[in-house]
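Notes follow the structure.
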Amino acid sequence: MVEPTDQSDPDTGQVFESIEERVDQRDDWARRRRKELPTDKQLLVIACMDERIPVEDALGISLGDAQIFRNAGGKVTDDVIRSAALTTNFFDTTEIIVVNHTDCGMMSALDEAVAEGLEAAAGGSLDDIDLNPALPSLDIGDASIAEWVSMTDDIDEACQAQIDYLEDHPLILMNRRNTTAFRP
C-alpha cells in the first residue's frame, strides 16, 4: 500500500481537498472493489464511533484489512445488519468483531435524558421524525425513542447482545466462532 507523503493536518475548510489528495495517493486501496482486490482480512469490525478508540491500532490491523462500521455505542442496528448481510454474502467476509468499550457516552447517559435532548433539538415530539430519510416508512413500532437509543450499564451484557443479534440473524452467513467481542 502506498503511504501518503504528507501526514500534516489539513487547515480548517481544507479537509475535502486533503482527502482527495490522499485518495489519489492510495489509488489501489481506494478503488479496490473496481480492481477486484480483496479485503485483506475478510473482516468486518463494528465499533463505537468514539474517537478515542483507534480501531486499527487496538486490533493490530492496518488500513484496508477490514471494513469498519462505527456508530454510537457500537450497536447492531438495522444498518449494521444490512451491511453485515451484504459483506458476508457478497464480499467474502468471514469474521465479525464487535468493539464496545468502558466509559462509553451511550452507556453513561440516561435513556430518558437522551430522548429529552432529542425532543428539544427537534422542537417537540419525535413522533413524526423520520429515522431514516431513505426509508421514511421505517419506524420503531411501539417502542419509544428512549428504547431506540437505549444501552445498558453492563458492557459485557451490551457486547454479548450485539454478538447474539449478529449470530442469530438469518441474512448474515457467519459461524458462531467467527463473531467475537473486543472490549478495550
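The values are calculated or read from the model by the stated rules, or taken from the named source; none is laboratory data. This is a predicted model, so every value here is computed, not measured. FYI the Cβ positions are ideal-geometry reconstructions off the backbone, even for glycines, and counts take in every protein chain you see. The protein model used for the area step is the full one, side chains on, heavy atoms only, and it has no ligands, DNA or RNA in it. Shrake-Rupley method; radii C 1.70, N 1.55, O 1.52, S 1.80 Å.
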TODO: Sticking with the crude label model, points 7 Å out along Cα→Cβ, report the distance from ALA134 to LEU173 in nm, one decimal please.
DONE: 2.2
Task: In nm, spacing of pseudo-spin labels at ASP153 and ASP24 (7 Å Cα→C-beta vector) - done: 5.4
Open item on the list: What distance in nm lies between label points placed 7 Å from Cα along the C-beta direction at ALA72 and ARG34?
Closed with: 3.5
TODO: Using amide H atoms built 1.01 Å from N in the peptide plane, name the residues 5+ places from MET49, or on other chains, whose amide H lies under 5 Å from its own.
DONE: ASN71, ALA72, GLY73, GLY74
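So how do ASP153, ASP50 rank on accessible area, 1.4 Å probe, biggest first, that is with the largest at the start? Could you put the intermediate results ahead of the total?
Working: ASP153 135, ASP50 20 Å².
If we order ASP153, ASP50 from most to least accessible, we get ASP153, ASP50.
Could you order HIS101, HIS169 by accessible surface area, starting with the largest, using a probe radius of 1.4 Å?
Working: HIS101 10, HIS169 55 Å².
The ranking, largest first, comes out as HIS169, HIS101.
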TODO: Provide the solvent-accessible area of MET49, counting protein heavy atoms only and rolling a 1.4 Å probe, rounded to the nearest 10 Å².
DONE: 120
